[in-house]
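In what follows, a single structure is set out as structure tokens and then discussed.
Every number here is computed from the coordinates shown, using simple stated rules; none is lab data. What you see is a predicted model; the values in this text were computed from it and never measured. Every residue, glycine as well, gets a Cβ built from its backbone with ideal geometry; the counts of neighbours run over all protein chains shown.
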Amino acid sequence: MSASERLDSGESYHPRRSHDRTHRGLEISHRMQDSHSAHIWATAGRRARLYLVTISVPLTASETQMRVSGFIVLLTVFLAPVVVNADTGFLDRRVTAEGSVYRYQVYVPASYAASRQWPMIVYLHGNGRQGSDGVMETQGGMGDMVRLHPDAVLAIVVFPQAVRGRFWEQPAMQMLVMAELAATEKEFRIDPAREYLTGFSMGAAGAYRLAYKWPERFAAVVAVAGTIQPVPPLGGADRPDIDRRANPFTAEADPFMALSTRIKHLPIWIFHGDSDAVVPVEQSRRLVTALKAVGADVRYTEMPGTGHVDGAAKTFGNVAMIRWLLAQHR
């Protein structure tokens, strides 16, 4: 039964979501009922809802008689469009790559509207957040910043999730990230001059490697406690060899200078705790020295007395960081 048939029958009709993202008009239909009411349904705007409105219209005896006699009683209704924006908050999304389905999250600010372009941030999680649930990657890091400071994160944020047992330096996981960014660009109105890379630990190492491979794609990088040299064999004895083959700068005699030369045009803000027992702070210090040597726009924040995980909490609790990031343009 169609919407208007259900309305004509007097059957209750509940709001539903329309997924026609190109619809811009307003449709109005009304039906006079024996109960002397007009049922009006309207769809308006992008991803609109269907609304049922009942307006009572008292009729005199003579007016009722006119209806019975075949005359039409006209009701003029002025109904303002009820525009409903796209879904907001953390959204479940899926992408298919090489026959497999991968789940991830996209954060959409409450103020999102397709009337303008929006910046896009990709956040690469650290080791231990891998899986297939499409949720764990939002715990900690940028996920916490979004929850604690939503008014500051006025951007679409993509949260890829690496497969269990896989890492961001591996080509398959890198291509997964790029596929999810492409899907997000297709769904939302993204500003191509304001796409940003962020990551923590394994994710920061991944951010460096993605920036190296796609240096013209991103407008800026924020990296927290990332490894530049070939990653250690934690999680697999072959990880360093895979890293060298997949990410050429790691096989250079001076990987810090090789990376810096490639990304010197990218504004970058590096964070590291000086008490980090997981990724030595020397990794960031040496990269900052190389970036300064090639004239890069680099900021460095070394956090005294701060360990690995605490460094991420401090970085992604820093509103000044996100404001700086969103101010960068390619």
Mind running the shape call on the range 89-326? Use the C-alpha gyration tensor, a ≥ b ≥ c as the square roots of the eigenvalues: rounded below 1.5 for a/c, prolate if a/b tops b/c, oblate otherwise. rounded
Could you calculate the contour length gain from residue 91 to residue 186, that is, 0.36 nm times the residue separation minus the distance between their Cα atoms, to one decimal place in nm? 32.7 nm
Between residue 237 and residue 302, what is the spin-label point distance in nm, taking each point 7 Å from the Cα along the Cα→C-beta axis? 3.6
Ordering of 158-166, 267-275, 199-207 by burial proxy (mean other Cβ atoms within 10 Å per residue, highest first): 199-207, 267-275, 158-166
With 0.36 nm assigned to each residue of separation and the Cα-Cα distance removed, residue 277 to residue 254 gains 6.0 nm
Could the peptides 111-121, 87-97 be put in order, highest first, of the mean number of other beta-carbon atoms found within 10 Å of their residues? 111-121, 87-97
Distance (nanometres) between label positions extended 7 Å along Cα→Cβ at residue 245 and residue 292: 3.8
Neighbours of residue 183 by Cβ distance under 10 Å: Lys/Arg at +1, Asp/Glu at -1, summed charge 0
Treat each spin label as a single point 7 Å out from the Cα along the C-beta direction, and report the residue 285 to residue 320 distance in nm. 2.2
If you take every residue apart from residue 304 with its C-beta less than 12 Å away from the C-beta of residue 304, what net charge results, scoring Lys and Arg +1 and Asp and Glu -1? -3
